[in-house]
Amino acid sequence: MTELHGPAEPSSAPHPPDLSRHVGRRPAIAAALLGAVSLAACGTQDPPAAGPTSATNDAPSPTPPPEPTTPAASQTPSADPSSQSDALEGWSLEEKVGQLIMVGVDASAPAPASTSAVTEHHVGSIFVAGRSQASSQAIGQTIASITGQAGERGRPMLVATDQEGGEVQVLSGSGFSQIPSALEQSKQSRDQLLASAQQWGQELAEAGVTMNLAPVADLVDIASPKDNGPIGAWGREYGHDAATASSQAIAFAEGMQAAGVIPTYKHFPGLGRVTDNTDTSANVIDRSTSRTGDAAVGVFAEAIAAGAQVIMMSSAVYALIDDSTPAVFSSTIVTDMLRTEMGFTGVVITDDVSAATQVQDWDPGERAILAVRAGCDLVLASAEPSLAAPMAKALVEAAKKDTALAARIDESARRILALKATQPS
């Protein structure tokens with residue numbers, strides 16, 4: 001799941017998610033899903049008294065939150081190619097494809113594969129990975145060393161990391177707060193959490209990070225949350241009823257946005273009801289989440305209504321929606337459900353598809369092609385940066401023979417450029 005997507009792995013414990021991973025018109029289905037969120041607030045269980053080991057909340061008392069702003073359509077990159085008609089003028093196919101890849105960069109010592117992905121394959125986004133105790137200043141220097149090598153077409157770069165808190169926090173050195181888990185964060189009032197998240201976002205921004213692959217919007221509403229390997233086992237959820245999960249995840253996202261950092265809601269359509277972790281297990285299947293009227297999906301509908309800019313796809317298979325392939329490769333889930341039915345016009349990013357066990361049956365190039373065909377915009381190769389190059393090459397070669405794929409690449413490149421344009425200059 002991006003880095004357990006990858007917290008540091010406790011000995012003898014299952015591998016946590018290493019996450020080292022605007023609003024358009026919402027049709028009637030979105031309204032139905034929003035209703036599901038409200039109804040789900042009734043009769044759900046309280047959070048467990050104790051969860052997996054998490055960071056202590058030693059952050060300073062939050063300052064009064066900023067005046068919240070009402071999300072507007074202009075906050076979300078437009079999916080309409082006509083609105084970005086000249087954005088790709090003069091670009092080569094290789095340069096366009098580079099915009100669709102996000103490569104992992106070790107926070108301590110960037111691997112040559114990460115650098116070459118940027119300099120040779122025009123990769124336009126990086127993911128700061130690992131578990132680093134380096135200072136904010138040192139992280140900033142590492143980021144600058146990579147982003148400075150991007151060609152003019154690659155700038156500005158999206159610079160992402162996993163700074164959820166608890167077991168999933170990449171940057172923990174001087175200049176970065178020790179962030180509590182989402183479950184602990186959720187004990188704060190909504191305004192307090194927004195203010196805390198703004199502070200954490202400002203720390204990221206000062207180091208040069210422009211995008212956070214958080215918050216987790218997964219609804220863990222099963223009887224025993226700790227049985228949910230990727231999320232509940234690590235306290236990564238914001239609550240066990242849809243209303244709480246939605247409100248607190250959105251508060252975290254708004255705090256990040258107020259600091260100038262792009263938040264990412266994950267993992268659509270919900271990873272809170274499976275047992276195994278797609279990072280470390282194959283054949284992970286959700287057998288209960290449905291396409292309409294489902295509270296878990298409703299949390300994402302609320303995020304879209306609040307102005308979500310980026311949503312990350314799950315790599316699990318959803319038996320009641322599309323049992324033929326992981327969600328990240330499913331046009332039924334990405335295009336038909338998320339985009340058409342729920343009206344999301346922002347950027348869709350994959351979970352890590354470089355090293356995750358769930359997707360190893362496909363070669364790296366196939367993973368990138370399948371994800372883009374399905375409707376994903378950004379392909380995340382965080383855990384194994386050496387796979388960014390074959391992914392880019394495969395997309396280029398396939399697009400030369402397939403005009404529909406070439407058009408999809410253009411659509412995604414424009415959407416990503418529109419997202420980059422929202423970054424503070």
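Each reported figure results from applying straightforward, stated rules to the coordinates on display, with no laboratory input. On a predicted model such as this, the values are computed, not experimentally measured, just so you know. Note that each Cβ is placed from the backbone with ideal geometry, even for glycine, and that neighbours are counted across all protein chains shown.
A Cβ-based charge dipole, computed about the Cα centre of the stretch 268-425 with Lys and Arg at +1 and Asp and Glu at -1, lands at about 480 debye.
Determine, from the Cβ-Cβ distance of GLN133 and LYS187 and an R0 of 30 Å, the FRET efficiency 1/(1 + (r/R0)^6), rounded to the nearest 0.05.
My answer for the efficiency is 0.65.
In order along the stretch 106-120, phi translates into HN-Hα couplings of 4, 5, 8, 8, x, 6, x, 4, 5, 5, 5, 4, 6, 7, 9 Hz, rounded to whole numbers, per the Karplus curve 6.51 cos²θ - 1.76 cosθ + 1.60 with θ = phi - 60° and x for Gly and Pro. For the pair LYS393 and SER290 in one chain, pulling the backbone fully straight at 0.36 nm per residue adds 33.5 nm over the alpha carbon distance. For the cross-link pairs LYS266/LYS393; LYS96/LYS266; LYS96/LYS400, the ones whose C-alpha atoms lie over 19 Å apart are LYS266/LYS393; LYS96/LYS266. Modelled spin-label separation between GLN178 and SER224, with each label point placed 7 Å from Cα along the Cα-to-Cβ direction: 3.0 nm.
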